[in-house]
Amino acid sequence: MTVPYEIEFRWKEEVVYWEGARGAVFVGGWGVRPLVTVVPDADTWDRAVPAWLKGRHNEVVERLRAHPAHVVHEERDDSAVVATIREVWR
């Protein structure tokens with residue numbers, strides 16, 4: 001079963017990946033063309049995302065990349081403590 005999703009571009013450089021009422025906020029880079037969305041790379045993903053996105057790097061990044069309004073850049077973080085992706089609800 002495919003989970004319905006949407007991508008929201010918010011002011012102040014935020015890109016929200018939504019599945020139903022749950023969202024994950026990724027950093028966006030405005031002021032550049034094309035717009036840029038930064039996501040954790042595959043090795044960092046599970047340490048950074050909310051529990052409901054763990055193990056789903058390829059699926060979510062593919063969905064983000066399919067949206068024509070931006071490009072997606074993956075970043076690796078080998079820090080002992082990784083910055084987490086903020087979870088939001090609506």
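The values are calculated or read from the model by the stated rules, or taken from the named source; none is laboratory data. Please read all numbers here as calculations on a predicted model, not as lab measurements. Virtual Cβ from ideal backbone geometry, glycine too; neighbours counted across all protein chains shown. When the accessible area is computed, the model is the full protein with side chains, heavy atoms only, and any ligands, DNA or RNA have been set aside. Shrake-Rupley method; radii C 1.70, N 1.55, O 1.52, S 1.80 Å.
Just to be sure I understand the curve: with the Debye formula and one point per C-alpha of the chain, what is log10 I(q)/I(0) at q = 0.16, 0.21, 0.23 Å⁻¹? The Debye formula, applied to the Cα set alone, gives -0.60, -1.06, -1.27. Here is the list for segment 6-63: trypsin sites (Lys or Arg not before Pro) lying in DSSP coil, each with at most 16 other C-beta atoms within 10 angstrom of its C-beta, are LYS12, LYS54, ARG56. Considering only THR37, ASN58, PHE9, the residue lying farthest towards the positive end of the dipole of the chain is PHE9, judged by Cα position with unit charges set on Cβ. Rounded to the nearest 10 square angstrom, GLU87 shows an accessible area of 70 square angstrom against a 1.4 Å probe.
Surface composition of segment 14-90: carbon and sulfur atoms hold 54% of the protein heavy-atom accessible area at a 1.4 Å probe. In the chain, the calculated helix contribution to ellipticity at 222 nm averages -5000 deg cm²/dmol per residue, counting -39,500 (n - 2.57) for every DSSP H run with n ≥ 4.
Over the chain, average the accessible area per residue using a 1.4 Å probe and give it in Å², no decimals. Mind dumping the intermediate values first?
Numbers: 5480 Å² over 90 residues.
Each residue of the chain exposes 61 Å² on average to a 1.4 Å probe.
Could you work out the relative contact order of segment 41-90, using alpha carbon pairs under 8 angstrom and six or more residues apart, expressed as a whole percent? If you can, show how the numbers build up before the last one.
Numbers: 36 pairs, mean separation 25.4, N = 50.
Answer for segment 41-90 is 51 percent.
Residue-wise HN-Hα couplings along segment 77-82, as the Karplus relation 6.51 cos²θ - 1.76 cosθ + 1.60 with θ = phi - 60° gives them from phi, are 9, 9, 4, 5, 10, 8 Hz; Gly and Pro carry x. In a reduced charge model with +1 at each Lys and Arg Cβ and -1 at each Asp and Glu Cβ, segment 19-85 shows a dipole moment near 260 debye about its Cα centre.
Across segment 1-55, the relative contact order, built from alpha-carbon pairs under 8 Å that are at least six residues apart, equals 20 percent.
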